Amino acid sequence: MKTFKKILFWSLVGFALIQFIPTDKVNKPINHKVNFVEAKKTPEKIAGLIKSACYDCHSDETVYPKYAFVAPISWSVKSHVNEGREHLNFSTWDTYNKDLKESMLNSAIATVHNKTMPMPGYIVYHKEANLSEAERKLLTDYFEEMLKTKTY
């Protein structure tokens, strides 16, 4: 029992200490001229879907939930956000070249259609990101139309 108490004590000390390891949760300022929703004059319904299902990981407008401030969960959340922004950042959309935009739209269509985005783990805590079949179709149709008309 004495060993268990020592392990518990040092585990709690370790947990408390890792709370002091910072993660950067500051979003960059938004340039509305290059932001996808504004630059593409996205219809309100589609803009709402993109913002609720995609923007937390794929923009510089991330809203961090309370659990994202507790290590080691904060490290995982920040890692997901960084990775999401690397693949597609809606906040910098108009800075991408046409080939990259086309590739990103094709990827977005595939991941939304295949239900790999939004990530299932994200949907658990963000019910508003749980897209219905109709909402998924609406998003993919919008992206497909952009590709077809080359208005990306």
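The values are calculated or read from the model by the stated rules, or taken from the named source; none is laboratory data. A quick note: this is a predicted structure, and the numbers were derived from the prediction, not measured. So basically every Cβ, Gly included, is an ideal-geometry build from the backbone, and we count neighbours across all protein chains shown. Quick note on the areas: whole protein, heavy atoms, side chains included, nothing else; ligands and nucleic acids left out. Shrake-Rupley method; radii C 1.70, N 1.55, O 1.52, S 1.80 Å.
What to note about this one:
- Hits in segment 47-61 - residues which are assigned to a loop (DSSP other than H, G, I, E, B) and touching a Pro at 6+ places or on another chain (Cβ under 9 Å): CYS54, ASP60
- Checked against (1) of a type outside the set (A, V, I, L, M, F, W, C); (2) open to solvent by less than 20 Å² (accessible area, probe 1.4 Å); (3) closer than 24 Å to PHE15 by Cα, SER91 passes all but a single condition, namely (3).
- Checked against (1) open to solvent by 30 Å² or more (accessible area, probe 1.4 Å); (2) in a helix (DSSP H, G or I); (3) at pLDDT below 95; (4) touching a Leu at 6+ places or on another chain (Cβ under 9 Å), GLU102 passes all but condition (3).
- Checklist (1) open to solvent by less than 80 Å² (accessible area, probe 1.4 Å); (2) in a helix (DSSP H, G or I) applied to TYR64, failing item: (2)
- Failed item in (1) without any contact (Cβ under 8 Å) to a residue 60 or more places away in the chain; (2) farther than 30 Å from LEU12 by Cα; (3) open to solvent by 30 Å² or more (accessible area, probe 1.4 Å); (4) in a helix (DSSP H, G or I), with LYS41 passing the rest: (4)
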